[in-house]
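The values are calculated or read from the model by the stated rules, or taken from the named source; none is laboratory data. This structure is a prediction, so every number in the text was calculated from the model and none was measured. Don't worry about glycine lacking a Cβ; one is built from the backbone with ideal geometry, like all the others, and counts go over all protein chains shown. Only protein heavy atoms, including side chains, enter the accessible area calculation; ligands, DNA and RNA are left aside. Shrake-Rupley method; radii C 1.70, N 1.55, O 1.52, S 1.80 Å.
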Amino acid sequence: MKKIGLFFGSFNPIHIGHLILANYILENSDMNELWFVVSPQNPFKEKKSLLNDHNRLDMVELAIKNYPDMRASNVEFSLPTPSYTIDTLTYLKEKHPDYSFSLIMGEDNLGSLHKWKNSDLLIKNHHIIVYPRVFEGDKKDSKYINHENISLVKAPVIELSATEIRNMIEQGKNVRPMLPPEVFEYLDGSSFYK
């Protein structure tokens, strides 16, 4: 059975922190591939700051073109919005019955996992890989922290946010070191985030 890790996000824009984390998880697990699932709308985020779905997908494709085990997925573009993780996983499992899907999330999401749609079903039926994040709060508050389907990984902690990058672009600051070169070139020739 092919093992796929699903890294959901707005990727608004994708940055080197995403790639470092994705590569670390691929290299330190038994996954065959890692898919960046570009979300059109997160139920917990405002949509107004999002770049067009296809522009964000293009940036992910550019960022991972030299990583043969990484894929960009637009699966949620055709699903009802707002997109819920459990619905996407159900759809993917139906479409790819021979694949095993794991969810990749930051530990800051673990504390609010109980608020997710059908969270008990999600954690019962899917392996969840949790990577460290710098955030306010205590991950031990989660009722899921010791669940058998939760794996905590000691991936590098990258203190870099897409929000910070967007703000820097808007202010005319240099963000080249924070982005994959192809993504920097894509944004540099555009009016995105300005």
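List of remarks:
- Each eigenvalue of the Cα gyration tensor of region 62-194, multiplied by 5 and square-rooted, gives one semi-axis; in descending order these are 30, 21, 15 Å.
- Cross-link pairs Lys2/Lys115; Lys3/Lys65; Lys93/Lys117; Lys65/Lys95; Lys3/Lys95; Lys2/Lys93 - those with Cα-Cα distance over 22 Å: Lys2/Lys115; Lys65/Lys95
- With a simple spin-label model that places each label point 7 Å from the Cα along the Cα-to-Cβ direction, the separation between His96 and Glu164 comes to 3.1 nm.
- Across the chain, C-alpha contacts under 8 Å between residues 6 or more apart give a mean separation that, scaled by the residue count, equals a relative contact order of 25 percent.
- Structure remark: mean-square fluctuation, Gaussian network model of the chain, C-alpha springs under 10 Å; the largest value among Asp87, Asp120, Asp53 belongs to Asp120.
- The region of the chain that goes longest without hitting one of the chymotrypsin sites (Phe, Trp or Tyr not before Pro) in a DSSP loop, each with at most 14 other Cβ atoms within 10 Å, is 45-134.
- Near Lys3: Cβ cut-off under 15 Å, other residues only, Lys/Arg at +1 and Asp/Glu at -1. The net charge is -2.
- Of the trypsin sites (Lys or Arg not before Pro) in region 57-124, those whose Cβ has at most 16 other Cβ within 10 Å and which sit in DSSP loop: Lys65, Lys117
- Here is the list for region 14-105: GluC sites (Glu not before Pro) lying in DSSP coil, each with at most 14 other C-beta atoms within 10 angstrom of its C-beta, are Glu46.
- Of interest is the spacing of the C-alpha centroids, which for region 68-97 and region 105-135 amounts to 17 Å.
- Modelled label positions at Asn149 and Asn174, each set 7 Å beyond Cα in the direction of Cβ, lie 4.7 nm from each other.
- If you sort Met59, Met178 by accessible surface, 1.4 Å probe, largest first, the order is Met178, Met59.
- The heavy atoms of Ser151 present about 40 square angstrom of accessible area, all protein chains included, probe 1.4 Å.
- Under the combined filter of DSSP loop state and at most 14 neighbouring Cβ atoms within 10 Å, region 111-194 retains these GluC sites (Glu not before Pro): Glu136, Glu148, Glu159.
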